[in-house]
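A.B. asks: Got a structure for you, questions after.
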Ligand code: PLP
């Protein structure tokens, strides 16, 4: 008998399935709003000009070779990455109590962080992580893979198409003390709904009171508001207030380096000697998982973060991307409210942040968008704003209008 007889067929990834259906659709006005990657005004992938410059510099650098990086990654990269997310004046950096590990982009950071928790976190009861409902689909699988059971906390309120703040706070209060909560640092995926600074402070209050652990996932720093510091606000605030935490960082979106897999995990401890022990264990885990991380992407990001001219240019490029997305939000809002006078309230289109937006469409309406209008979007009503541009936004608004009427 066949050895793998009993291996069940797994369902295809829903986003990849959507993209495949989009590709074979011959309809000329088709629109792909499933993708989680930036596209320019002509729906093309965009290589950041600063990345082109940094690549050229690397090509001309005769001192580089293809030797292994250290287990924890390229030091000039991890140091600069930590400063970027925690802030150059962070007490955690000054007191040398943050440990930074270069990872396989944000996914790898989530995995290593989860694995570290599975090994060393003193869960109060069964190993469990509280995830926002909804969240990035991969979170569940990443934690299950290391034996941590995903649980949910209320996050999105379909009635207001906004944050279910009371539900969120209630869940923080009801969870056993020392529970681990995964928090999206900014530009929540898939809803585009973030807490306000006041709400973040109230969340920190309860987390401190209940000694919860904050597992921050930060995949969109700079991409959300266009401002790297603003998008790191919640993480820095939690560090300042002494909430126990780690941060997963990705340069996939904000540097357009999706396929290069450049990320980092930063674990903030209470003191330097604890951080040393944490570092030693992260090193052991990393060694058995990937031995050492890949060099090219880390070299690129290191150049960009450590060279003031390149860093300034990168900020410009981030503005280009976030600016185009914000402009699309404004144009979509204008079309729906002024041009088509579409029934309902569309303020959330403006209020949400980052690449993704929950339109408020129900699964039937989302299905109708795909089947009738050839607008490819997920059943939960999420669209990628990056898929909209000056050529298709009007067709999208018109299709949306027809579906909700
Ligand atoms: N976390 C969230 C919330 C994301 O949306 C993503 C990407 O879509 C990631 C992590 C990880 O992405 P990557 O592994 O490409 O850095």
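Every number in this text was worked out from the coordinates using simple rules, so none of it is lab data. As the structure is a computational prediction, the values presented were derived from the model and not from experiment. Here Cβ is always computed from backbone atoms with ideal geometry, including for glycine, and neighbour counts include all displayed protein chains.
A.B. asks: For the chain, take the longest principal axis of its alpha carbons; what is the angle in degrees between that and the long axis of helix 296-306, to the nearest 10 within 0 to 90?
C.D. replies: Rounded to the nearest ten degrees, it is 90.
A.B. asks: Just to check, using Stokes-Einstein with a Kirkwood Rh over alpha carbon pairs, what's the diffusion coefficient of segment 299-405 at 4 °C and 1.567 mPa s in µm²/s?
C.D. replies: Value of D from the Cα-based Kirkwood radius: 86 µm²/s.
A.B. asks: Looking only at segment 103-138, which residues have a backbone nitrogen under 18 Å from a spot 7 Å from the Cα of residue 284 in the C-beta direction?
C.D. replies: Counting only backbone N, you get 112-123.
A.B. asks: Springs between alpha-carbon atoms under 10 Å, Gaussian network over the chain: tell me which of 113, 263, 167 tops the mean-square fluctuations.
C.D. replies: Sorting by GNM fluctuation, first place goes to 167.
A.B. asks: Below 8 Å, C-alpha to C-alpha, sequence gap of six or more: please give me the relative contact order for the chain in percent.
C.D. replies: Details: 717 pairs, mean separation 106.5, N = 405.
Here the relative contact order equals 26 percent.
A.B. asks: Sticking with this structure for a sec: Just subtract the alpha-carbon distance of residue 3 and residue 271 from 0.36 nm times their residue separation and send over the number in nm, one decimal. Please list the in-between numbers first.
C.D. replies: On the way: separation 268, 0.36 × 268 = 96.48 nm, distance 5.13 nm.
In short, 91.3 nm is gained.
A.B. asks: Let me ask something else. Would you mind ranking 208, 33 by Cβ crowding within 10 Å, fewest neighbours first? Can you show the working numbers first?
C.D. replies: Numbers: 208 14, 33 24.
Going from least to most buried by this count: 208, 33.
A.B. asks: With n ≥ 4 as the cut-off for DSSP H runs, can you work out [θ] at 222 nm for the chain, using -39500 (n - 2.57) per run divided by the number of residues, rounded to the nearest 500?
C.D. replies: Working: 16 runs with 183 residues, N = 405.
It lands at -14000 deg cm²/dmol.
A.B. asks: Based on the alpha-carbon gyration tensor of segment 232-302 and its eigenvalue square roots a ≥ b ≥ c, which shape applies: rounded if a/c is under 1.5, prolate if not and a/b is larger than b/c, or oblate?
C.D. replies: Details: a/c = 2.90, a/b = 1.24, b/c = 2.33.
Oblate shape, in that a/c is at least 1.5 and b/c is the bigger or equal ratio.
A.B. asks: Right, another one. Using a 10 angstrom cutoff on alpha carbons, build the Gaussian network for the chain and name the most mobile of 299, 279, 144.
C.D. replies: In the Gaussian network model the winner is 144.
A.B. asks: Name the residues of segment 152-172 whose amide N is less than 15 Å from a point 7 angstrom out from the Cα of residue 351 along the C-beta direction?
C.D. replies: In segment 152-172, the label zone of residue 351 (backbone N under 15 Å from the point 7 Å along Cα→Cβ) covers 155-167.
A.B. asks: Report, in degrees rounded to the nearest 10, the 0 to 90 angle that the Cα long axis of helix 75-86 makes with the longest principal axis of the chain.
C.D. replies: Compared with the principal axis, the helix lies near 60 degrees.
A.B. asks: Is the C-alpha gyration tensor of segment 132-213 telling us rounded, prolate or oblate? Criteria: a/c under 1.5 is rounded; beyond that, a/b larger than b/c is prolate, otherwise oblate. Write down the numbers at each step before the final one.
C.D. replies: On the way: a/c = 1.77, a/b = 1.08, b/c = 1.64.
Because a/c hits 1.5 or more and a/b fails to exceed b/c, segment 132-213 counts as oblate.
A.B. asks: A further question follows. Return the whole-Å distance between the Cα centroid of segment 263-316 and the Cα centroid of segment 149-217.
C.D. replies: One Cα centre to the other: 26 Å.
A.B. asks: Below 8 Å between Cα atoms, with a sequence gap of 6+, how large is the relative contact order for segment 200-286 in percent? Intermediate values should be presented prior to the final figure.
C.D. replies: Numbers: 101 pairs, mean separation 21.8, N = 87.
Answer for segment 200-286 is 25 percent.
A.B. asks: Next question, about the same structure. What's the percent breakdown of Cα-Cα distances in the chain across 20 Å bins, shortest bin first?
C.D. replies: Per 20 Å bin, starting at zero, the Cα-Cα P(r) for the chain comes out as 26, 57, 17, 0 percent.
A.B. asks: Measure nothing fancy, just the Cα-based angle from helix 197-209's long axis to the longest principal axis of the chain, in degrees from 0 to 90, nearest 10.
C.D. replies: Between helix and principal axis, roughly 40 degrees.
A.B. asks: How many percent of DSSP beta bridges within segment 75-180 run antiparallel, rounded to 5? Numbers along the way, then the final one.
C.D. replies: Numbers: 2 of 9 bridges.
Counting only bridges with both partners in segment 75-180, antiparallel ones make up about 20 percent.
A.B. asks: Return the whole-Å distance between the Cα centroid of segment 66-130 and the Cα centroid of segment 360-405.
C.D. replies: Centre-to-centre distance over Cα atoms comes out at 38 Å.
A.B. asks: With the chain treated as a Gaussian network of Cα nodes joined by springs under 10 Å, which of 196, 63, 103 yields the largest mean-square fluctuation?
C.D. replies: 63
A.B. asks: Counting only DSSP beta bridges with both residues in segment 195-301, what percent are antiparallel, rounded to the nearest 5? Provide the component values of the computation, followed by the final result.
C.D. replies: Numbers: 6 of 11 bridges.
Of those bridges, close to 55 percent are antiparallel.
A.B. asks: Can you bin segment 78-232 into rounded, prolate or oblate? Criterion: square roots of the alpha carbon gyration tensor eigenvalues sorted a ≥ b ≥ c, rounded for a/c under 1.5, prolate for a/b above b/c, oblate for the rest.
C.D. replies: Working: a/c = 1.38, a/b = 1.11, b/c = 1.25.
Because its axes are fairly even, with a/c under 1.5, segment 78-232 counts as rounded.
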